[in-house]
Amino acid sequence: MAPRTLQQKLAILSDAAKYDASCASSGTTRRDSRAGGIGSTEGMGICHAYTPDGRCISLLKILMTNFCIYDCAYCINRVSSTVERARFTPDEVVTLTLEFYRRNMIEGLFLSSGIIRSPDDTMAQMVRIARTLRMNHGFRGYIHLKTIPDASADLVAQAGLFADRLSVNIELPRDASIRELAPEKRPETIRAAMADVRLSREAATEKSHTGRRPPRFAPAGQSTQMIVGADDTTDRDILRTSANLYSGYDLKRVYYSAFSPIPDASAALPLIKPPLMREHRLYQADWLMRFYGFEAEEIGAAHPSGNLDLAIDPKLAWALANRGQFPVDVARAAKDMLLRVPGFGTRTVTRILAARRNGPLRYADLLRMGAIMSKARAFVTLPDWHPGALTDSADLRARFAPRPEQLQLL
């Protein structure tokens, strides 16, 4: 068979990378190439364009190779898969990154890979790519490396010196599911890699006795991704795992990727994919944990099944399940309780706290501040508004849930 061209490899390996959702670049530091080098990053992140399902598209997002010695049941690139294979050399990845950048098509590189020969061999090649871009070509754009779980700590430490963000996939929410569906991977090793990255990042912030700072290490932090719907784990358990990852390993983001049936799938996997809305609700719940002070347990407890309500958002579902805590007096409620009112965002709550120092707020004032009163009015009291029996009404959920639709026969 004739050797594949670079374009053919790019078609195969960029398509293979589409299953990886954890490519957002927010959180990196600002770098400007006007003082030398090539490529710049912006303070708000370099991902300016997103696909309709929320995935960013402005990075060169590729696999180094889709050959893999592992046989993870949920992965289309597993060794037993019959997919078309290809492999870039490190120099080819460097060339592609620079050429795409010069054409103003990308602002950085997201690089992942199947495992070839060994985790260390694969990781060493990825480090070589990042090092060549930074050291030989002065590339100052964004680099996100997906580290190999079983790679040596020394190689991961080298990767952190050149990459903006490192990530290692937690794969599945439960250790038992990882052992069943990805027998070559060990949950303990994955978590150990996350712990090493956290320690290295903390060490990079400490000055030496001479006052010098050590080299930067993965300044945009680390993230991870877990597959949702490949096993029977409930949303409550998924959020519990995410909460542990945020608190234990200082992750910037946990990405949720709805399981997608793949060709020649293992019999251990479900035949149909979960609704994409489940992924969306998990992102909303994740947001509540990170910015609104919610605990994973209380979000998951809103529904007896332990799964999120797909018809309404998690914050509204929690409020409906805890109506005894409402209505809230907007004039006196503490910040943490205002953040739990459906229809109040963090910015709205900040405005309420500032404005009520000057006098009582009225219904129209909250509308001007950006509150979604169609949601909030059942849960708040104001000088000119009281929900009366609305808060406890039996049909309150039905007021927010989408109307039933006639199913199509064809």
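Against the definition (closer than 27 Å to residue 279 by Cα, at pLDDT below 75 and open to solvent by less than 10 Å² (accessible area, probe 1.4 Å)), how does residue 46 come out, yes or no? It would help to see each step written out before you state the result.
Details: closer than 27 Å to residue 279 by Cα: yes; at pLDDT below 75: yes; open to solvent by less than 10 Å² (accessible area, probe 1.4 Å): yes.
When the stated conditions are applied, residue 46 passes them.
Can you name the residue in region 264-288 that is open to solvent by less than 30 Å² (accessible area, probe 1.4 Å) and either more than 17 Å from the chain's Cα centre (by Cα) or of a type in the set (A, V, I, L, M, F, W, C) (or both) and is also nearest to residue 337 (Cα to Cα) among such residues? Break it down stepwise before answering.
Within region 264-288, the first condition is being open to solvent by less than 30 Å² (accessible area, probe 1.4 Å), and the residues that meet it are 269, 274, 279, 281-282, 285-286, 288.
Then keep just the ones that are either more than 17 Å from the chain's Cα centre (by Cα) or of a type in the set (A, V, I, L, M, F, W, C) (or both); that gives 269, 274, 282, 285, 288.
Working: 269: 41, 274: 33, 282: 22, 285: 17, 288: 13 Å.
Taking the candidates together, the pick is 288.
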In region 149-169, what residues are open to solvent by 10 Å² or more (accessible area, probe 1.4 Å) and among the β-branched types (Val, Ile, Thr)?
156
Number of the condition not met by residue 250 [criteria: (1) open to solvent by less than 40 Å² (accessible area, probe 1.4 Å); (2) at positive phi]:
(1)
Would you mind finding the one in 139, 88 that is aromatic (Phe, Trp, Tyr), touching a Gly at 6+ places or on another chain (Cβ under 8 Å) and farther than 27 Å from residue 191 by Cβ?
139
Search result, residues across region 64-105 that are out of contact with any helix residue (DSSP H, G or I) (no Cβ under 9 Å at 6 or more places or on another chain) and assigned to a helix (DSSP H, G or I):
99, 100, 101, 102
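Across region 371-384, what is the total count of residues that are under 34 Å from the mean Cα position of the chain (by Cα) and loosely packed, with under 13 Cβ neighbours inside 10 Å?
1
For region 182-218, what are the residues that are open to solvent by 10 Å² or more (accessible area, probe 1.4 Å) and in contact with a strand residue (DSSP E or B) (Cβ under 8 Å, 6 or more places away or on another chain)? Even if it seems obvious, please write down each step before you answer.
So in region 182-218, the residues open to solvent by 10 Å² or more (accessible area, probe 1.4 Å) come out as 183-186, 188-189, 191-193, 195-196, 198-217.
Within region 182-218, 185, 198, 201 qualify.
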Hey, any hits in region 352-359 for a residue that's at pLDDT below 95, in contact with a Pro (Cβ under 9 Å, 6 or more places away or on another chain) and open to solvent by 40 Å² or more (accessible area, probe 1.4 Å)?
no
For region 222-240, does any single residue satisfy the condition of being more than 17 Å from the chain's Cα centre (by Cα), on the phi < 0 side of the Ramachandran plot and open to solvent by less than 20 Å² (accessible area, probe 1.4 Å)?
yes
Selection from region 360-410 of residues that are at pLDDT 95 or above, aromatic (Phe, Trp, Tyr) and in contact with a Leu (Cβ under 7 Å, 6 or more places away or on another chain)
363
Among the residues in region 195-209, are any modelled with pLDDT of 95 or more, closer than 27 Å to residue 78 by Cα and not aliphatic (A, V, I, L, M)?
no
In region 79-127, which residues are surrounded by 20 or more Cβ atoms within 10 Å (Cβ to Cβ), among the charged types (D, E, K, R) and closer than 19 Å to residue 160 by Cβ?
none
Sort out which residues of region 123-167 are under 21 Å from the mean Cα position of the chain (by Cα) and among the charged types (D, E, K, R), and write them in order of number.
146, 164, 165
Take the conditions under 30 Å from residue 244 (Cβ atoms), of a type in the set (A, V, I, L, M) and surrounded by 13 or more Cβ atoms within 10 Å (Cβ to Cβ) and apply them to residue 366. Does it pass?
no
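Condition test on residue 243, is it crowded, with 18+ Cβ neighbours inside 10 Å, at pLDDT 95 or above, under 16 Å from the mean Cα position of the chain (by Cα) and not hydroxyl-bearing (Ser, Thr, Tyr)? It would help to see each step written out before you state the result.
Values: crowded, with 18+ Cβ neighbours inside 10 Å: yes; at pLDDT 95 or above: yes; under 16 Å from the mean Cα position of the chain (by Cα): yes; not hydroxyl-bearing (Ser, Thr, Tyr): yes.
Answer is yes for this residue.
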Name the residue, out of 343, 293, that is on the phi > 0 side of the Ramachandran plot and open to solvent by 20 Å² or more (accessible area, probe 1.4 Å).
293
If I ask for residues that are out of contact with any strand residue (DSSP E or B) (no Cβ under 9 Å at 6 or more places or on another chain), over 21 Å from residue 147 (Cβ atoms) and of a type in the set (Ser, Thr, Tyr), which ones from region 66-113 would you list?
80, 81, 82, 95
Expected single match for in contact (Cβ under 8 Å) with a residue 24 or more places away in the chain, open to solvent by less than 10 Å² (accessible area, probe 1.4 Å) and within 26 Å of residue 256 (Cα to Cα) among 311, 319, 301 is 319
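Scan region 254-263 and give yes if some residue there is open to solvent by less than 50 Å² (accessible area, probe 1.4 Å) and part of a helix (DSSP H, G or I), otherwise no. Break it down stepwise before answering.
Quick first cut of region 254-263, residues open to solvent by less than 50 Å² (accessible area, probe 1.4 Å) only: 254-260, 262.
Adding the requirement that they be part of a helix (DSSP H, G or I) leaves none.
Looking for residues that are open to solvent by less than 50 Å² (accessible area, probe 1.4 Å) and part of a helix (DSSP H, G or I), one finds none in region 254-263, hence no.
The values are calculated or read from the model by the stated rules, or taken from the named source; none is laboratory data. Quantities reported herein were computed from a predicted structural model and do not represent experimental measurements. Note that we place each Cβ from the backbone using ideal geometry, even for glycine, and neighbour counts take in every protein chain shown. Only protein heavy atoms, including side chains, enter the accessible area calculation; ligands, DNA and RNA are left aside. Shrake-Rupley method; radii C 1.70, N 1.55, O 1.52, S 1.80 Å.
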